[in-house]
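Below is one structure, written out as structure tokens; comments come after it.
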Amino acid sequence: FGKGVQELCEGTGEARWLAEARKLHLLVREHFGRPKGSWFTTADDHEKLLIRDSSIQESSLPSAQGVAAMNAARLGSMDADFRLMGEGRNAIEIHSGLLGHYPLASSQMLLVADFFESKPAEVFLFGKVGDPAYDSMYRTLVDYYPPYRVIMPVSPGQEAAIGHLLPSMKGKSALEGKATAWVCYTGTCKAPTTDPGELAKEFTKTIVKPTASRPGSQPASKPAGKPGSRPAEDEGKGKE
């Protein structure tokens, strides 16, 4: 449920969903948290069991520990909250043995590790749905894959409520009333942009095509001649 509420927050930009996501994670920490980190599958008020399971292995459903770790990672990234991000990292370390031996059985926790390794961006997007520039920026953020970023849409009237929940939003606003994106990495922000094209460049990777299939190979369009011979197009030159 916590993951779904976070998605609602990124989809609507409403502060109430952000507040609910944080509240739910605090409840998970309080009632499911393990003393040394990560989480149990059952709450502390559950009926007594021989063993409180904390496995990250999964089958048709993602592991509860992996989902909780991703929630912590994304919520922490949204506000550069190192304690929350630390909960996600700690879960990876605690389960690293099982994760290393059976990675395909623990795909959700692998996604968390991949998320941290990517150095995800935190994006504050100011503007109003229906404004072409805002809509273009938002589509860039939600459509680009892999999803190595967290998004905080800030619509008119939501600034104060979101700013109260996210201290990292301090000093950020729409520029001259235009749709504006602030892209940050671990709390350090780049210059804001009102250009959808500039935002797209930030999340577009350039793929460099190789010029040859292997070292020393020659282009297929120019077959090699006999050793020591000139290329065919050079034959006859110098005989005039």
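For region 35-45, give me each residue that is open to solvent by 80 Å² or more (accessible area, probe 1.4 Å) and in contact with a helix residue (DSSP H, G or I) (Cβ under 9 Å, 6 or more places away or on another chain). Steps first, please.
Restricting attention to region 35-45, the residues satisfying the condition of being open to solvent by 80 Å² or more (accessible area, probe 1.4 Å) are 35-36, 44-45.
Result: LYS36, ASP44, ASP45.
Scoring HIS164 on the criteria (1) outside any loop (DSSP other than H, G, I, E, B); (2) open to solvent by 70 Å² or more (accessible area, probe 1.4 Å); (3) more than 18 Å from ASP79 (Cα to Cα) leaves a single failure, condition (3).
Just so you know, in region 108-150 the residues that are small (Gly, Ala, Ser) and under 18 Å from THR188 (Cβ atoms) include one that is surrounded by the fewest Cβ atoms within 10 Å (Cβ to Cβ), and it is SER118. Residues of region 44-85 that are part of a helix (DSSP H, G or I), within 17 Å of ASP114 (Cα to Cα) and more than 16 Å from the chain's Cα centre (by Cα): GLN65 alone.
The values are calculated or read from the model by the stated rules, or taken from the named source; none is laboratory data. Since this is a predicted model, take the numbers as computed values, not measurements. Using ideal geometry, Cβ is built from the backbone for each residue, glycine included, and neighbour counts are taken over all protein chains shown. These accessible areas exclude ligands, DNA and RNA; they are computed on the full protein's heavy atoms, side chains included. Shrake-Rupley method; radii C 1.70, N 1.55, O 1.52, S 1.80 Å.
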